[in-house]
Amino acid sequence: MYNQTVVEDPHGLNFKDPEMVERDIHDDMENFDDGNEEPDKSDSIKNDPSFSENLKKLSFWEEQVQVKKGMEEKQNFVFIKCMKCATETVAGLLRRFSFTRHLDVVLPRHNNIYLGWPYLMVQEDFRMGNSKFNCLMEHSIYNRSIMKPLFHDDVKFISIIREPWAHFLSTFKYFNVKNIVKMKENDLISSYLTNIEKYETIYKSHKSAKLRYCIPDGFSVTKNLLSHCLGMPLGFPSEREDISGSGEKVTNYIHQLDKEMDLVMIMEYFHESLVLLKRVMGWSFLDIIYRKVNVGHYHYNTSAVDKERHRLWSNIDYQLYEHFNQTFWNKVKTQGEAFTQEVRLFKSIIHDIDQFCKSVNATKLPNPGNVTRQSFTIEASDFDGGFTISALECGLLEEPLLPLLQTRFALRHGKDTEYKRTC
(Lines give C-alpha, C1' and ligand atoms only; values in the text may rest on other atoms or scores of the structure.)
Protein backbone atom coordinates (compact mmCIF):
# COMPACT_ATOMS: atom_id res chain seq x y z
CA MET A 1 0.00 0.00 0.00
CA TYR A 2 1.27 3.47 -0.78
CA ASN A 3 0.05 6.99 -0.16
CA GLN A 4 -1.11 8.81 -3.25
CA THR A 5 -1.67 12.54 -3.20
CA VAL A 6 -3.25 13.61 -6.45
CA VAL A 7 -3.23 17.04 -8.03
CA GLU A 8 -5.23 17.49 -11.23
CA ASP A 9 -2.15 17.32 -13.41
CA PRO A 10 -1.86 16.64 -17.11
CA HIS A 11 1.89 16.32 -16.98
CA GLY A 12 2.77 13.94 -14.19
CA LEU A 13 2.22 10.48 -15.66
CA ASN A 14 4.82 8.79 -17.82
CA PHE A 15 2.99 7.04 -20.64
CA LYS A 16 5.29 8.23 -23.39
CA ASP A 17 6.16 6.12 -26.40
CA PRO A 18 9.34 4.30 -25.23
CA GLU A 19 11.24 5.58 -28.27
CA MET A 20 10.55 9.14 -27.14
CA VAL A 21 11.92 8.78 -23.60
CA GLU A 22 15.27 10.35 -24.45
CA ARG A 23 13.63 13.36 -26.04
CA ASP A 24 13.23 16.09 -23.49
CA ILE A 25 9.71 17.25 -24.29
CA HIS A 26 7.84 15.81 -21.33
CA ASP A 27 6.45 18.44 -18.99
CA ASP A 28 7.29 18.50 -15.32
CA MET A 29 4.57 18.24 -12.70
CA GLU A 30 2.17 21.14 -13.04
CA ASN A 31 -1.23 21.76 -11.47
CA PHE A 32 -4.35 21.24 -13.56
CA ASP A 33 -7.43 19.52 -13.49
CA ASP A 34 -10.33 23.54 -18.58
CA GLY A 35 -25.87 34.87 -38.24
CA ASN A 36 -26.80 37.81 -40.13
CA GLU A 37 -30.12 38.92 -38.68
CA GLU A 38 -30.67 42.29 -37.07
CA PRO A 39 -30.43 42.24 -33.25
CA ASP A 40 -33.63 41.43 -31.42
CA LYS A 41 -34.43 44.48 -29.29
CA SER A 42 -37.56 43.19 -27.60
CA ASP A 43 -38.39 44.37 -24.09
CA SER A 44 -38.11 40.84 -22.74
CA ILE A 45 -34.43 40.81 -23.65
CA LYS A 46 -33.62 44.33 -22.50
CA ASN A 47 -35.37 43.83 -19.18
CA ASP A 48 -33.56 40.59 -18.30
CA PRO A 49 -30.96 41.64 -15.67
CA SER A 50 -28.53 38.83 -16.47
CA PHE A 51 -28.83 39.51 -20.19
CA SER A 52 -28.21 43.22 -19.64
CA GLU A 53 -25.12 42.52 -17.56
CA ASN A 54 -23.75 40.10 -20.15
CA LEU A 55 -24.53 42.61 -22.88
CA LYS A 56 -22.36 45.19 -21.13
CA LYS A 57 -19.49 42.74 -20.92
CA LEU A 58 -20.00 41.68 -24.53
CA SER A 59 -19.91 45.28 -25.73
CA PHE A 60 -16.83 46.01 -23.65
CA TRP A 61 -14.78 43.11 -25.01
CA GLU A 62 -15.90 43.63 -28.60
CA GLU A 63 -14.66 47.22 -28.41
CA GLN A 64 -11.36 46.35 -26.75
CA VAL A 65 -10.16 43.14 -28.38
CA GLN A 66 -8.58 43.33 -31.79
CA VAL A 67 -7.42 39.99 -33.19
CA LYS A 68 -4.79 39.48 -35.83
CA LYS A 69 -6.13 36.54 -37.81
CA GLY A 70 -3.73 34.11 -39.40
CA MET A 71 -3.82 33.76 -43.18
CA GLU A 72 -3.97 29.96 -42.98
CA GLU A 73 -5.99 29.53 -39.80
CA LYS A 74 -8.81 27.00 -39.80
CA GLN A 75 -11.96 28.17 -38.03
CA ASN A 76 -14.27 25.15 -38.16
CA PHE A 77 -13.95 22.56 -35.41
CA VAL A 78 -15.82 20.26 -33.05
CA PHE A 79 -14.20 19.71 -29.66
CA ILE A 80 -15.46 16.73 -27.68
CA LYS A 81 -15.13 17.41 -23.97
CA CYS A 82 -14.34 14.20 -22.11
CA MET A 83 -15.17 14.84 -18.46
CA LYS A 84 -12.22 15.68 -16.17
CA CYS A 85 -9.50 15.81 -18.83
CA ALA A 86 -8.49 19.49 -18.62
CA THR A 87 -11.33 20.02 -21.06
CA GLU A 88 -12.55 23.23 -19.45
CA THR A 89 -9.09 24.72 -19.88
CA VAL A 90 -9.09 23.73 -23.55
CA ALA A 91 -12.69 24.85 -24.02
CA GLY A 92 -11.74 28.21 -22.54
CA LEU A 93 -9.17 28.94 -25.22
CA LEU A 94 -11.52 27.60 -27.92
CA ARG A 95 -14.31 29.88 -26.69
CA ARG A 96 -11.90 32.80 -26.81
CA PHE A 97 -10.89 31.91 -30.38
CA SER A 98 -14.52 31.71 -31.51
CA PHE A 99 -15.53 34.81 -29.54
CA THR A 100 -12.82 37.05 -30.98
CA ARG A 101 -13.60 35.91 -34.54
CA HIS A 102 -17.39 36.21 -34.19
CA LEU A 103 -17.88 32.59 -35.22
CA ASP A 104 -21.22 30.75 -35.15
CA VAL A 105 -21.05 28.39 -32.19
CA VAL A 106 -23.29 25.45 -31.27
CA LEU A 107 -24.60 26.54 -27.87
CA PRO A 108 -26.81 24.88 -25.24
CA ARG A 109 -30.40 26.07 -24.98
CA HIS A 110 -31.38 28.80 -22.52
CA ASN A 111 -28.97 28.78 -19.55
CA ASN A 112 -27.95 25.15 -19.96
CA ILE A 113 -24.30 24.13 -20.01
CA TYR A 114 -24.56 20.73 -21.76
CA LEU A 115 -25.47 19.82 -25.32
CA GLY A 116 -27.49 16.82 -24.23
CA TRP A 117 -24.61 15.15 -22.34
CA PRO A 118 -24.56 12.26 -21.37
CA TYR A 119 -27.12 11.50 -24.10
CA LEU A 120 -26.53 11.81 -27.82
CA MET A 121 -27.24 15.36 -28.95
CA VAL A 122 -30.61 16.09 -30.56
CA GLN A 123 -31.85 19.28 -32.20
CA GLU A 124 -33.75 20.36 -29.09
CA ASP A 125 -30.47 20.54 -27.15
CA PHE A 126 -28.95 23.46 -29.05
CA ARG A 127 -29.86 26.89 -30.39
CA MET A 128 -30.66 26.91 -34.09
CA GLY A 129 -29.06 29.52 -36.34
CA ASN A 130 -29.67 30.47 -39.96
CA SER A 131 -26.70 28.70 -41.50
CA LYS A 132 -24.10 26.06 -40.78
CA PHE A 133 -22.03 26.40 -37.63
CA ASN A 134 -18.31 26.97 -37.26
CA CYS A 135 -17.58 25.30 -33.97
CA LEU A 136 -18.67 23.38 -30.88
CA MET A 137 -16.86 23.16 -27.56
CA GLU A 138 -19.50 22.45 -24.86
CA HIS A 139 -20.17 19.03 -23.34
CA SER A 140 -21.64 16.62 -25.89
CA ILE A 141 -21.36 12.97 -26.90
CA TYR A 142 -19.48 12.38 -30.13
CA ASN A 143 -21.52 11.12 -33.06
CA ARG A 144 -20.29 11.99 -36.52
CA SER A 145 -23.58 11.32 -38.32
CA ILE A 146 -25.37 13.76 -35.97
CA MET A 147 -22.68 16.43 -35.87
CA LYS A 148 -21.08 16.58 -39.32
CA PRO A 149 -24.17 17.94 -41.17
CA LEU A 150 -24.30 20.93 -38.80
CA PHE A 151 -20.88 22.25 -39.84
CA HIS A 152 -18.94 23.39 -42.86
CA ASP A 153 -17.30 20.65 -44.91
CA ASP A 154 -13.78 21.32 -43.64
CA VAL A 155 -14.67 20.92 -39.96
CA LYS A 156 -11.99 19.34 -37.77
CA PHE A 157 -12.88 16.89 -34.97
CA ILE A 158 -10.74 17.19 -31.85
CA SER A 159 -10.75 15.76 -28.33
CA ILE A 160 -8.51 15.15 -25.33
CA ILE A 161 -8.31 12.10 -23.08
CA ARG A 162 -6.51 11.12 -19.91
CA GLU A 163 -4.79 8.09 -18.37
CA PRO A 164 -7.77 6.07 -17.03
CA TRP A 165 -6.53 5.46 -13.48
CA ALA A 166 -5.90 9.16 -12.85
CA HIS A 167 -9.19 9.89 -14.61
CA PHE A 168 -11.04 7.55 -12.25
CA LEU A 169 -9.57 9.19 -9.14
CA SER A 170 -10.61 12.59 -10.47
CA THR A 171 -14.17 11.57 -11.37
CA PHE A 172 -14.56 9.76 -8.03
CA LYS A 173 -13.93 13.07 -6.29
CA TYR A 174 -15.68 15.37 -8.76
CA PHE A 175 -18.93 13.40 -8.90
CA ASN A 176 -19.05 13.06 -5.11
CA VAL A 177 -19.17 9.26 -5.21
CA LYS A 178 -18.06 8.82 -1.60
CA ASN A 179 -20.92 10.84 -0.11
CA ILE A 180 -23.61 9.67 -2.50
CA VAL A 181 -22.97 5.98 -1.78
CA LYS A 182 -22.38 6.83 1.92
CA MET A 183 -18.93 5.31 2.26
CA LYS A 184 -17.30 5.56 5.68
CA GLU A 185 -14.22 3.38 5.19
CA ASN A 186 -10.76 4.90 5.53
CA ASP A 187 -9.43 3.20 2.41
CA LEU A 188 -12.08 4.65 0.11
CA ILE A 189 -10.68 3.60 -3.25
CA SER A 190 -9.80 0.06 -2.20
CA SER A 191 -13.19 -0.44 -0.56
CA TYR A 192 -15.05 0.98 -3.55
CA LEU A 193 -13.23 -1.17 -6.08
CA THR A 194 -13.58 -4.29 -3.94
CA ASN A 195 -17.36 -3.77 -3.71
CA ILE A 196 -17.88 -1.91 -6.95
CA GLU A 197 -21.10 -3.62 -8.09
CA LYS A 198 -22.72 -2.75 -4.76
CA TYR A 199 -21.66 0.90 -4.83
CA GLU A 200 -22.42 1.32 -8.54
CA THR A 201 -25.98 0.12 -7.92
CA ILE A 202 -26.42 2.68 -5.14
CA TYR A 203 -24.91 5.55 -7.13
CA LYS A 204 -26.96 4.90 -10.27
CA SER A 205 -30.25 4.28 -8.45
CA HIS A 206 -33.25 6.60 -8.62
CA LYS A 207 -33.05 6.88 -4.84
CA SER A 208 -29.72 8.71 -5.22
CA ALA A 209 -30.94 10.99 -8.01
CA LYS A 210 -31.39 14.06 -5.79
CA LEU A 211 -27.81 13.72 -4.54
CA ARG A 212 -26.24 13.54 -7.99
CA TYR A 213 -25.58 16.66 -10.06
CA CYS A 214 -26.58 16.33 -13.72
CA ILE A 215 -26.16 12.54 -13.76
CA PRO A 216 -29.25 10.56 -14.86
CA ASP A 217 -30.33 7.26 -13.35
CA GLY A 218 -28.41 4.27 -14.63
CA PHE A 219 -25.33 6.18 -15.79
CA SER A 220 -21.86 5.18 -14.55
CA VAL A 221 -19.24 7.85 -13.94
CA THR A 222 -16.51 5.31 -13.14
CA LYS A 223 -16.78 2.76 -15.95
CA ASN A 224 -15.49 3.55 -19.47
CA LEU A 225 -16.52 7.21 -19.23
CA LEU A 226 -13.94 8.34 -21.78
CA SER A 227 -15.22 5.84 -24.32
CA HIS A 228 -18.81 6.89 -23.70
CA CYS A 229 -17.98 10.57 -24.26
CA LEU A 230 -16.30 9.60 -27.53
CA GLY A 231 -19.52 7.98 -28.68
CA MET A 232 -18.90 4.29 -28.19
CA PRO A 233 -22.26 2.51 -27.74
CA LEU A 234 -22.02 0.95 -24.27
CA GLY A 235 -25.67 0.47 -23.37
CA PHE A 236 -26.60 3.93 -22.10
CA PRO A 237 -29.36 4.82 -22.36
CA SER A 238 -30.88 1.37 -22.10
CA GLU A 239 -32.21 1.35 -25.68
CA ARG A 240 -28.73 1.95 -27.11
CA GLU A 241 -26.56 -0.94 -28.30
CA ASP A 242 -23.93 -2.25 -25.89
CA ILE A 243 -20.78 -3.48 -27.66
CA SER A 244 -18.70 -3.83 -24.48
CA GLY A 245 -19.02 -7.62 -24.57
CA SER A 246 -17.42 -7.89 -28.01
CA GLY A 247 -13.69 -7.26 -28.16
CA GLU A 248 -13.83 -7.19 -31.95
CA LYS A 249 -16.53 -4.51 -32.03
CA VAL A 250 -14.69 -2.40 -29.47
CA THR A 251 -11.45 -2.61 -31.45
CA ASN A 252 -13.24 -1.79 -34.70
CA TYR A 253 -14.92 1.23 -33.10
CA ILE A 254 -11.60 2.59 -31.82
CA HIS A 255 -9.98 2.16 -35.24
CA GLN A 256 -12.91 3.88 -36.95
CA LEU A 257 -12.79 6.69 -34.39
CA ASP A 258 -9.10 7.11 -35.14
CA LYS A 259 -9.96 7.63 -38.82
CA GLU A 260 -12.65 10.19 -38.00
CA MET A 261 -10.78 12.31 -35.44
CA ASP A 262 -8.26 14.86 -36.67
CA LEU A 263 -6.55 15.07 -33.30
CA VAL A 264 -6.95 13.32 -29.95
CA MET A 265 -4.77 15.14 -27.44
CA ILE A 266 -3.32 13.57 -24.30
CA MET A 267 -3.80 15.44 -21.04
CA GLU A 268 -0.54 14.14 -19.54
CA TYR A 269 1.28 15.97 -22.34
CA PHE A 270 -0.73 19.15 -22.36
CA HIS A 271 1.76 21.52 -23.97
CA GLU A 272 2.72 19.03 -26.65
CA SER A 273 -0.99 18.60 -27.30
CA LEU A 274 -1.65 22.32 -27.69
CA VAL A 275 1.32 22.77 -30.02
CA LEU A 276 -0.03 19.93 -32.16
CA LEU A 277 -3.43 21.66 -32.10
CA LYS A 278 -1.74 24.89 -33.22
CA ARG A 279 -0.14 23.10 -36.15
CA VAL A 280 -3.25 21.15 -37.18
CA MET A 281 -5.39 24.31 -37.14
CA GLY A 282 -2.83 26.77 -38.51
CA TRP A 283 -3.12 28.90 -35.37
CA SER A 284 -0.68 31.11 -33.47
CA PHE A 285 0.72 30.94 -29.95
CA LEU A 286 -1.71 33.70 -28.99
CA ASP A 287 -4.61 31.41 -29.93
CA ILE A 288 -3.50 28.64 -27.55
CA ILE A 289 -2.38 30.54 -24.46
CA TYR A 290 -4.44 29.69 -21.39
CA ARG A 291 -4.89 30.12 -17.66
CA LYS A 292 -5.51 27.04 -15.53
CA VAL A 293 -9.09 26.39 -14.40
CA ASN A 294 -10.81 23.78 -12.22
CA VAL A 295 -7.65 22.77 -10.40
CA GLY A 296 -8.48 19.90 -8.06
CA HIS A 297 -6.57 18.59 -5.04
CA TYR A 298 -7.34 15.32 -3.29
CA HIS A 299 -5.61 12.55 -1.39
CA TYR A 300 -6.30 8.82 -1.51
CA ASN A 301 -4.60 5.68 -0.24
CA THR A 302 -4.28 3.38 -3.23
CA SER A 303 -2.37 0.28 -4.25
CA ALA A 304 -1.27 -1.56 -7.37
CA VAL A 305 -4.08 -4.04 -6.69
CA ASP A 306 -6.61 -1.20 -6.75
CA LYS A 307 -5.33 -0.02 -10.09
CA GLU A 308 -5.55 -3.52 -11.56
CA ARG A 309 -9.11 -3.86 -10.29
CA HIS A 310 -9.99 -0.62 -12.02
CA ARG A 311 -8.33 -1.78 -15.24
CA LEU A 312 -10.58 -4.84 -15.22
CA TRP A 313 -13.64 -2.70 -14.44
CA SER A 314 -13.00 0.01 -17.03
CA ASN A 315 -10.93 -1.99 -19.49
CA ILE A 316 -12.30 -0.33 -22.63
CA ASP A 317 -11.03 3.08 -21.51
CA TYR A 318 -7.56 1.57 -21.05
CA GLN A 319 -7.70 0.15 -24.56
CA LEU A 320 -8.86 3.51 -25.91
CA TYR A 321 -6.13 5.41 -24.10
CA GLU A 322 -3.35 3.06 -25.11
CA HIS A 323 -4.38 3.33 -28.75
CA PHE A 324 -4.56 7.12 -28.86
CA ASN A 325 -1.48 7.59 -26.70
CA GLN A 326 0.43 5.65 -29.36
CA THR A 327 -1.12 7.53 -32.28
CA PHE A 328 -0.41 10.82 -30.49
CA TRP A 329 3.30 10.06 -30.33
CA ASN A 330 3.25 8.82 -33.90
CA LYS A 331 1.98 12.28 -34.87
CA VAL A 332 4.70 13.92 -32.78
CA LYS A 333 7.40 11.89 -34.55
CA THR A 334 6.25 13.21 -37.92
CA GLN A 335 6.70 16.82 -36.75
CA GLY A 336 10.49 16.66 -36.70
CA GLU A 337 13.03 17.87 -34.16
CA ALA A 338 11.79 21.46 -34.35
CA PHE A 339 8.66 20.33 -32.51
CA THR A 340 10.72 19.85 -29.34
CA GLN A 341 11.98 23.41 -29.54
CA GLU A 342 8.49 24.76 -30.19
CA VAL A 343 7.10 22.99 -27.13
CA ARG A 344 9.88 24.38 -24.95
CA LEU A 345 9.24 27.87 -26.26
CA PHE A 346 5.49 27.54 -25.69
CA LYS A 347 6.04 26.40 -22.10
CA SER A 348 8.19 29.45 -21.43
CA ILE A 349 5.56 31.72 -23.03
CA ILE A 350 2.84 30.28 -20.80
CA HIS A 351 5.02 30.81 -17.73
CA ASP A 352 5.89 34.39 -18.67
CA ILE A 353 2.30 35.35 -19.49
CA ASP A 354 1.07 33.77 -16.28
CA GLN A 355 3.55 35.82 -14.27
CA PHE A 356 2.65 39.00 -16.16
CA CYS A 357 -1.09 38.52 -15.68
CA LYS A 358 -0.61 37.84 -11.98
CA SER A 359 1.40 41.04 -11.68
CA VAL A 360 -1.39 43.18 -13.17
CA ASN A 361 -4.08 41.56 -11.03
CA ALA A 362 -6.18 40.35 -13.96
CA THR A 363 -9.00 39.19 -11.71
CA LYS A 364 -10.08 42.83 -11.27
CA LEU A 365 -10.37 43.40 -15.01
CA PRO A 366 -12.21 44.50 -17.09
CA ASN A 367 -13.30 47.16 -14.60
CA PRO A 368 -12.14 50.29 -16.49
CA GLY A 369 -10.87 51.82 -13.27
CA ASN A 370 -8.40 48.98 -12.89
CA VAL A 371 -7.19 48.79 -16.48
CA THR A 372 -3.51 49.60 -16.78
CA ARG A 373 -1.46 50.43 -19.84
CA GLN A 374 1.03 47.66 -19.14
CA SER A 375 1.73 45.06 -21.80
CA PHE A 376 3.99 42.09 -22.40
CA THR A 377 5.56 41.23 -25.73
CA ILE A 378 6.44 37.79 -27.06
CA GLU A 379 9.10 38.20 -29.70
CA ALA A 380 8.81 36.65 -33.15
CA SER A 381 10.43 33.24 -33.56
CA ASP A 382 10.79 30.49 -36.12
CA PHE A 383 7.41 29.19 -34.93
CA ASP A 384 5.33 32.34 -34.58
CA GLY A 385 5.15 35.96 -35.63
CA GLY A 386 5.11 37.16 -32.03
CA PHE A 387 2.43 39.18 -30.24
CA THR A 388 1.81 41.63 -27.45
CA ILE A 389 -0.66 40.91 -24.66
CA SER A 390 -2.04 43.80 -22.64
CA ALA A 391 -3.14 43.85 -19.03
CA LEU A 392 -6.66 44.15 -20.35
CA GLU A 393 -6.32 40.97 -22.36
CA CYS A 394 -5.27 39.13 -19.22
CA GLY A 395 -8.82 39.80 -18.12
CA LEU A 396 -10.15 38.11 -21.23
CA LEU A 397 -8.21 34.97 -20.27
CA GLU A 398 -10.20 34.93 -17.02
CA GLU A 399 -13.61 35.85 -18.46
CA PRO A 400 -16.26 33.07 -18.55
CA LEU A 401 -17.22 33.41 -22.20
CA LEU A 402 -20.14 30.97 -22.51
CA PRO A 403 -22.71 33.53 -21.23
CA LEU A 404 -21.29 36.13 -23.63
CA LEU A 405 -21.47 33.75 -26.57
CA GLN A 406 -25.08 33.03 -25.63
CA THR A 407 -25.79 36.77 -25.41
CA ARG A 408 -24.29 37.38 -28.84
CA PHE A 409 -26.37 34.51 -30.26
CA ALA A 410 -29.52 36.04 -28.79
CA LEU A 411 -28.72 39.38 -30.45
CA ARG A 412 -28.28 37.68 -33.81
CA HIS A 413 -31.14 35.20 -33.71
CA GLY A 414 -33.47 36.22 -30.89
CA LYS A 415 -33.58 35.07 -27.30
CA ASP A 416 -33.94 31.36 -26.72
CA THR A 417 -36.82 29.68 -24.92
CA GLU A 418 -36.30 27.66 -21.78
CA TYR A 419 -35.64 23.96 -22.33
CA LYS A 420 -34.05 21.41 -20.05
CA ARG A 421 -33.32 17.77 -20.85
CA THR A 422 -30.00 17.71 -19.02
CA CYS A 423 -27.94 20.46 -17.40
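The values are calculated or read from the model by the stated rules, or taken from the named source; none is laboratory data. Computed from a prediction, not measured in an experiment: that's the story for all the values here. No Cβ is skipped: glycine too gets one built from the backbone with ideal geometry, and neighbour counts run over all protein chains shown.
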| remark: Those residues of segment 135-154 that are farther than 19 Å from GLU88 by Cα and surrounded by 22 or more Cβ atoms within 10 Å (Cβ to Cβ) come to a total of 1
| said: So ARG279 passes all but one of these: (1) within 13 Å of GLU342 (Cβ to Cβ); (2) surrounded by 19 or more Cβ atoms within 10 Å (Cβ to Cβ). Which condition number does it fail? | reply: (2)
| Only one residue in ASP40, ASP27, ASP48 is at pLDDT below 75, in contact with a Gly (Cβ under 7 Å, 6 or more places away or on another chain) and not basic (Lys, Arg). Which one? | ASP40
| request: Residues being outside any helix (DSSP H, G or I) and either within 26 Å of ILE189 (Cβ to Cβ) or among the hydroxyl-bearing types (Ser, Thr, Tyr) (or both): count how many of those fall in segment 303-338. | output: 2
| task | Give segment 209-232 a look and list any residue that's touching a helix residue (DSSP H, G or I) at 6+ places or on another chain (Cβ under 9 Å), aliphatic (A, V, I, L, M) and surrounded by fewer than 20 Cβ atoms within 10 Å (Cβ to Cβ), or say none. | result | LEU211
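Residue-wise test of (1) buried (at least 22 other Cβ atoms within 10 Å of the Cβ); (2) over 22 Å from TRP117 (Cβ atoms).
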position	(1), (2)
GLU241	no, no
SER244	no, no
THR251	no, yes
ILE254	no, no
LEU257	no, no
GLU260	no, no
LEU274	yes, yes
